[in-house]
Amino acid sequence: MPCERKPMRYGHSEGHTEVCFDDSGKFIVTCGNDGDVRIWESLDDDDPKFITVGEKAFSLALRNGKLVTASSNNTVQIHTFPDGDPDGILTRFTTNATHVTFNSSGSRVAAGSSDFMVKVVDVSDSSQQKTLRGHEAPVLSVAFDPKDDFLASASCDGSVVVWNIEEQTQAISWPLLQKTNDVSNAKSLCRLSWQPGTGKFLAVPVEMKVHLYERGSWDHVSNLSDDLLTQPINVVAWSPCGRFLAAGSVGGSMTVWDVNSKVCVERQKHEKGFTVCSLSWNPSGSQIAYTDTEGCLGMLDGFSSSTTDTNKVPVKKTAKDYDDLFDDDDDRLMDEGLSDTNSPVKKPVAADDDDDDDFLMPATGRVRNRGAILDDENSLDTGSLRLGQDKFGDDDDAGSTVEPTAAPLVPLRPVYEGPMPTPPQRAFQPGSTPAHLTHRFMMWNSVGIVRGYNDELDNAIDVEFHDSAVHHAMHLTNSLGHTMADLSQEAVLLACPSTDELASKLQCLHFSSWDTNKEWMVDLPQGEDVKALCLGQGWAAVATNTLMLRMFSIGGVQREIFSLPGPVVCMSGHGEQLLIVYHRATGFDGDQALGVQLLQFSRRRRQIINGEPLPLSHKSHLSWLGFTAEGTPCYVDSDGVVRMLNRTLGNTWTPVCNTRETCKSKSDHYWVVGVHENPQQLRCIPCKGSRFPPTLPRPAVAILPFKLPLCQTSTEKGQMEEQFWRSALFHNHYSFLSSSGYEINEDGQNQSQKEQQELLMKMFALSCKLEREFRCVELAELMTQNVVTLAIKYASRSRRMVLAQRLSEIALEKANQIQEEEREEEEPEYSSYRRTSGYDQTEVSGGRYSSSRYNQEEEEEEQGGEEEEEEDGQEMETEEAAETKRRVNPFAKEAASPVTPSLTPIGKVGRANPFKVLGSGKPSSSSGQPRVTNILDNMTSSKKSTPLSGSAGKQNKTPVLKPLAPRPKTKTQATLLQMTGNKTSNKKAQENTEPAADQKQPDAPPPASPAENTENKRPKTGFQLWLEENRKNIIADNPDLEETEIIKEAMGKFRTLSAEERLSWTERAKGQSGDAADVKKRKRAEGGEDVENKNENTEADENSAKKKKSLDPSSKLSVFAFNKN
């Protein structure tokens, strides 16, 4: 098909220029950067007519005497043709339209815009508009299917999408192109074109080839390529007969293929090598008009569609024949053999994936040397390829294709029919928008927002804090080209990929540092690139492309490094926890195969989740990963399902919300920025028609509720069940935090328990009404002992005696269980000093719950031992404090405790004879504390001088954990921020809140109450006074006796006294007790403390309990034994 290239004509000022023919083929119409539309009668027309449509004209289309143009005032206008009279505005966008086109009948116009939207407008009634949302970057081109059912569009987000116009949905999306942030930066304009008439094929220019996709099945049926093409194809256009396809490239090459034979029938080159940016066939099929980016118009003349290839090919030069032999299928087989067999074909995914997410899909169409399944930035997402079909599957369509020359190779390439591998999603930072955008969020989390700007004016990073008390906003110049960021209360962490000259760098701005050098930087080894990063409390972690995870301290000290089991997807940090998600294998049929690790860097470092598979919705990928504000790991997938870790069920993942349920349209999404458990809030940004928000205007944060996907939640029963299990799940964090040594909100915990028990009671009542007695018993198993008692009353009133009987058995069981737990708790409690850091020791050793193991001890033995226990108690307290001091707590003040470590082994103090005196019964010399009687004095006098304010407030604040009604063992759960703060402060807080603890436990089992009558109420018993005076005599008489034997001997002698004598000793002891109580009351009055006590006895109880807490735990056992009688 030899043709003549006519000399170029200057048409418009330099810039993008477009051309088309009118319906008759008589006029050539062009538009350009000068805002004019010119109407040429021929290429030789020296005075073409022109219409000024705006400051710049970006695109034009002509049909049925209507000229439609997209101009720089963000409108799509109509003019009459050829007169050029304005005929109104068809539609408007928020920014300029980039391409307009008519459908085959001329009744509708489609326009794509830089605001990511595509609109289809009725020409006769412009109010009839359809808006197609879903692209995530400016639209490059649009093309109507000749039958008017579908519309194809290409975008800077790398996708080519076919839309169903009536349903306004995506029929298919292929990720084929290089991602860019603007039309001006795109490598190719990717002007799509449908085959005229039948619309059987859609031609898509991808790099140096044209992909042909079949209408309906959307299969990638073949490629058109030419070895002489060295630069990307910009535009394609079908001949009016539908047999030939012309393509214009960035380097000025113009190529025409016969689509049936896939043979290149014409090659031409732009006379100056400028980029061809528009092509148009004359309706007669004999000419092609083209324009370049310099505003010039050219023409190829002399095409003849009637003549066939057979009589044209022999006329050509031999060299050209030779070229034709090699520029077709043989060549493609050699080039793509590796590519097509090894590439993860993902046709089913492409069909279902309506969101062309940038994290999931690779960007451009470079097919060669594709051996690895892990995509790099420049690899093709072969979701569009169909295995083997390029080579021998084309003859499904008889007549449209010819038998490829590669037929003899067919037996060597069997077709794989099984499930296809899914391209693995690329690494991303949770809370960031795609890196190809000029203005993007690099991080949005609960601390603040990091924005990145990369345009002609500026390459900078802005850091803004939600709470400006943390730090003021920062503006950083981004000279290194950082693409990743994380933000915590302590620092900003930034990282950039490596370049040919520079290594990948990690930069940390440690703004909370108290010294003047607040910044450090680390170069990674050559060939290692940062793929994901995150910050925790006092540490930073970086995952690299070499499957390595590197830990740093927040000040820049390199810490542990370890290898990951697979390529990282993303990471998140919170406090002492690090959550890592990586590819554990290749996924199939659109599913990602991800693994998750959860590490905890507390004093005892451990891996909580070790490479378990991460559950995702079918055919979805991970889109956000993080922690709730309370520290529970959670994540969101691309289907909008939010899942949270359930620590009480073996670290399983529970779906707690589906954001898609609140979306109005299929193309709307929610972009998650944070999760809170108390109050229950999912904080996210609604994105209309896209997956992520623009940086300007500043997006508004919406709050979505949580809802577990239980069955029949429309019924009353289903609603209450959902509320109960959601409440249980969302309050698990209390037990985790307290066991990890963090401070917890007592009121919140009690409130949540109350809420759960109320819901159980309501469900119980409902089941009673429905006469489901077995179900009632099942619900009672979940209740606390108190609430079971209520349930028994309810059952009795409802005249369900059998049920009441069964419930009373459950109540008895629960009471026994509580007593058992108390007994078991005693022994572990001693060793828990060593194990559980951050517990308030005076709380833990408080003498409220005593084991009845020692209840059988004789009254006198207890009396005799009490004095020595005081001393043992001091020894114990000192040892506890020393143990506490060893625990390294990031929140606690160092060296605030005034105690001196005791050399006595903790085991000995905890387990040895509780009545044994050290040495001669004097307080141990290693104890740094004064006598116990002085502790209260210290406490009262220091109250005023220990305000819980300023920076120390946080460390000194002692959360008091009141026992929850039925389970006194929560007494031992204390919190992280209180560790080695001033004892005086600790005691103050304790003194204030102890009465509340007393009142909050109406249902504690009987053993709990005796402990309240402790030593302060009766500092010396009659036996003790007698023993003090007679101890020396007894020791002189029996020098070899052990301490216990001395006490037994003393008891024997005390019993031999007459009743009157014993009574007089007791009276003397009581007299002392009364004096002590008066002294204490005076001291309380001086301290100005207003405690909610009902009577003086309660006051004495509290003081005594407080004093008791500083004693050896063994004393509380013996006290209980004494008081029981």
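The values are calculated or read from the model by the stated rules, or taken from the named source; none is laboratory data. On a predicted model such as this, the values are computed, not experimentally measured, just so you know. Cβ placement follows ideal geometry from the backbone for every residue including glycine, while neighbour counts extend to all protein chains displayed. Protein only, heavy atoms only, side chains kept; ligands, DNA and RNA dropped before computing areas. Shrake-Rupley method; radii C 1.70, N 1.55, O 1.52, S 1.80 Å.
Kindly indicate whether any position in the range 664-685 is of a type in the set (S, T, N, Q), open to solvent by less than 20 Å² (accessible area, probe 1.4 Å) and either in contact with a His (Cβ under 8 Å, 6 or more places away or on another chain) or touching a residue at least 12 places away in the same chain (Cβ under 8 Å) (or both). Working first, answer last.
Step one: filter the range 664-685 for residues of a type in the set (S, T, N, Q), giving 665, 667, 678, 680-681.
Then drop every residue that is not open to solvent by less than 20 Å² (accessible area, probe 1.4 Å), which leaves none.
The answer is no, given that none of the residues of the range 664-685 is of a type in the set (S, T, N, Q), open to solvent by less than 20 Å² (accessible area, probe 1.4 Å) and either in contact with a His (Cβ under 8 Å, 6 or more places away or on another chain) or touching a residue at least 12 places away in the same chain (Cβ under 8 Å) (or both).
Applying the selection to the range 598-620, what residues are over 27 Å from residue 552 (Cα atoms) and either surrounded by 21 or more Cβ atoms within 10 Å (Cβ to Cβ) or of a type in the set (Gly, Ala, Ser) (or both)?
616, 617, 620
When residue 719 is evaluated against the numbered criteria (1) open to solvent by 50 Å² or more (accessible area, probe 1.4 Å); (2) in a loop (DSSP other than H, G, I, E, B), which criterion, by number, is the only one it fails?
Here residue 719 meets the rest and fails (2).
Which pairs do you get when a residue that is under 12 Å from residue 487 (Cα atoms) and hydrophobic (A, V, I, L, M, F, W, C), found in the range 520-542, comes within reach of a residue that is open to solvent by less than 10 Å² (accessible area, probe 1.4 Å) and part of a loop (DSSP other than H, G, I, E, B), reach meaning Cβ atoms under 7 angstrom, with the pair 6+ apart or on two chains?
Cβ pairs passing all conditions: 535/491.
Are there any strands (runs of 3 or more DSSP E) wholly within the range 511-564 with 3 or more residues that are open to solvent by 60 Å² or more (accessible area, probe 1.4 Å), and if so which?
Numbers: elements: 519-523, 530-535, 539-544, 548-553, 558-563.
Passing ranges, in order: 519-523, 558-563.
How many residues are open to solvent by 10 Å² or more (accessible area, probe 1.4 Å) and either under 21 Å from residue 96 (Cβ atoms) or of a type in the set (A, V, I, L, M, F, W, C) (or both) when one looks only at the range 173-206?
Counting residues in the range 173-206 that are open to solvent by 10 Å² or more (accessible area, probe 1.4 Å) and either under 21 Å from residue 96 (Cβ atoms) or of a type in the set (A, V, I, L, M, F, W, C) (or both) gives 15.
For residue 660, state whether it is without any contact (Cβ under 8 Å) to a residue 40 or more places away in the chain, under 30 Å from residue 133 (Cβ atoms) and open to solvent by 40 Å² or more (accessible area, probe 1.4 Å). Steps first, please.
Numbers: without any contact (Cβ under 8 Å) to a residue 40 or more places away in the chain: yes; under 30 Å from residue 133 (Cβ atoms): yes; open to solvent by 40 Å² or more (accessible area, probe 1.4 Å): yes.
Yes: the conditions hold for residue 660.
How many residues does the range 621-644 contain that are in contact with a strand residue (DSSP E or B) (Cβ under 7 Å, 6 or more places away or on another chain) and either in a loop (DSSP other than H, G, I, E, B) or free of Cβ contacts under 8 Å to residues at least 24 places away in the same chain (or both)?
Counting residues in the range 621-644 that are in contact with a strand residue (DSSP E or B) (Cβ under 7 Å, 6 or more places away or on another chain) and either in a loop (DSSP other than H, G, I, E, B) or free of Cβ contacts under 8 Å to residues at least 24 places away in the same chain (or both) gives 8.
Looking at (1) surrounded by fewer than 17 Cβ atoms within 10 Å (Cβ to Cβ); (2) under 26 Å from residue 648 (Cα atoms), which is the only condition residue 579 fails?
(1)
So, residue 698, is that one closer than 30 Å to residue 685 by Cα and in a loop (DSSP other than H, G, I, E, B) or not?
Values: closer than 30 Å to residue 685 by Cα: yes; in a loop (DSSP other than H, G, I, E, B): yes.
So residue 698 passes the test.
Can you spot a residue in the range 703-716 that is in a helix (DSSP H, G or I) and at pLDDT below 95? Give the derivation first.
So in the range 703-716, the residues in a helix (DSSP H, G or I) come out as 716.
So of that shortlist, the ones also at pLDDT below 95 come out as 716.
Checked against the condition, which is being in a helix (DSSP H, G or I) and at pLDDT below 95, the range 703-716 yields at least one hit.
Of all residues in the range 17-42, which are hydrophobic (A, V, I, L, M, F, W, C) and within 11 Å of residue 280 (Cα to Cα)? Before you say what the answer is, go through the steps one by one.
To start, the set of residues in the range 17-42 that are hydrophobic (A, V, I, L, M, F, W, C) comprises 19-21, 27-29, 31, 37, 39-40.
Listed by number, the residues that qualify are 19, 20, 21, 28, 29.
Against the definition (in contact (Cβ under 8 Å) with a residue 60 or more places away in the chain and surrounded by fewer than 19 Cβ atoms within 10 Å (Cβ to Cβ)), how does residue 209 come out, yes or no? Break it down into steps so the answer makes sense when it comes.
Values: in contact (Cβ under 8 Å) with a residue 60 or more places away in the chain: yes; surrounded by fewer than 19 Cβ atoms within 10 Å (Cβ to Cβ): no.
Answer is no for this residue.
Could you list, in sequence order, all residues of the range 584-597 that are assigned to a strand (DSSP E or B) and crowded, with 22+ Cβ neighbours inside 10 Å?
Of all residues in the range 584-597, those assigned to a strand (DSSP E or B) come to 588, 594-597.
Within the range 584-597, 594, 596 meet the criteria.
Considering only the range 17-33, state which residues are open to solvent by 50 Å² or more (accessible area, probe 1.4 Å) and touching a residue at least 24 places away in the same chain (Cβ under 8 Å).
Listed by number, the residues that qualify are 23, 24.
Name every residue in the range 564-599 that is free of Cβ contacts under 8 Å to residues at least 60 places away in the same chain and in contact with an Asp or Glu (Cβ under 8 Å, 6 or more places away or on another chain), in order of residue number.
Of everything in the range 564-599, those that are free of Cβ contacts under 8 Å to residues at least 60 places away in the same chain and in contact with an Asp or Glu (Cβ under 8 Å, 6 or more places away or on another chain) turn out to be 595, 596.
I'd like to know if the range 417-432 contains one or more residues that are open to solvent by less than 20 Å² (accessible area, probe 1.4 Å), of a type in the set (Ser, Thr, Tyr) and in contact with a Pro (Cβ under 9 Å, 6 or more places away or on another chain).
As a first pass, look at the range 417-432 and keep what is open to solvent by less than 20 Å² (accessible area, probe 1.4 Å): 422-425, 428-432.
If we keep only those that are of a type in the set (Ser, Thr, Tyr) too, we end up with 422, 432.
Next, from what is left, pick out any that are in contact with a Pro (Cβ under 9 Å, 6 or more places away or on another chain): 422.
Yes; the residues of the range 417-432 include at least one that is open to solvent by less than 20 Å² (accessible area, probe 1.4 Å), of a type in the set (Ser, Thr, Tyr) and in contact with a Pro (Cβ under 9 Å, 6 or more places away or on another chain).
Looking for whichever is out of contact with any Ser or Thr (no Cβ under 6 Å at 6 or more places or on another chain), farther than 22 Å from residue 12 by Cα and open to solvent by 20 Å² or more (accessible area, probe 1.4 Å) here; the options are 267, 243. Which one fits? Lay out the reasoning, then the answer.
Numbers: 267 fails: out of contact with any Ser or Thr (no Cβ under 6 Å at 6 or more places or on another chain).
Answer to the check: 243.
When the residues of the range 93-144 are filtered to those that are assigned to a loop (DSSP other than H, G, I, E, B) and β-branched (Val, Ile, Thr), which remaining residue is surrounded by the most Cβ atoms within 10 Å (Cβ to Cβ)? Before the answer, list the steps.
Of all residues in the range 93-144, those assigned to a loop (DSSP other than H, G, I, E, B) come to 93-96, 103-107, 114-117, 123-128, 133-138.
Imposing the further condition that a residue be β-branched (Val, Ile, Thr) reduces the set to 94-95, 123.
Details: 94: 10, 95: 13, 123: 20.
Among those residues, the one meeting the criterion is 123.
Which one is nearest to residue 518 (Cα to Cα), of the residues in the range 482-508 that are in a strand (DSSP E or B) and open to solvent by 10 Å² or more (accessible area, probe 1.4 Å)?
So the first thing to find is which residues in the range 482-508 are in a strand (DSSP E or B), and the list is 484-487, 492-496, 505-508.
Imposing the further condition that a residue be open to solvent by 10 Å² or more (accessible area, probe 1.4 Å) reduces the set to 484, 486, 505, 507.
Values: 484: 19, 486: 16, 505: 17, 507: 11 Å.
This residue is 507.
Quick one: in the range 162-187, which of the residues that are among the hydroxyl-bearing types (Ser, Thr, Tyr) and not in a loop (DSSP other than H, G, I, E, B) is nearest to residue 149 (Cα to Cα)? Don't jump to the end; show me each part of the working.
Initial filter on the range 162-187 (among the hydroxyl-bearing types (Ser, Thr, Tyr)): 169, 173, 180, 184.
With not in a loop (DSSP other than H, G, I, E, B) added as a condition, the list becomes 169, 173, 184.
Details: 169: 12, 173: 16, 184: 30 Å.
Checking each candidate, the answer is 169.
Do you know which residues across the range 73-114 are over 21 Å from residue 34 (Cα atoms) and in contact (Cβ under 8 Å) with a residue 60 or more places away in the chain?
104
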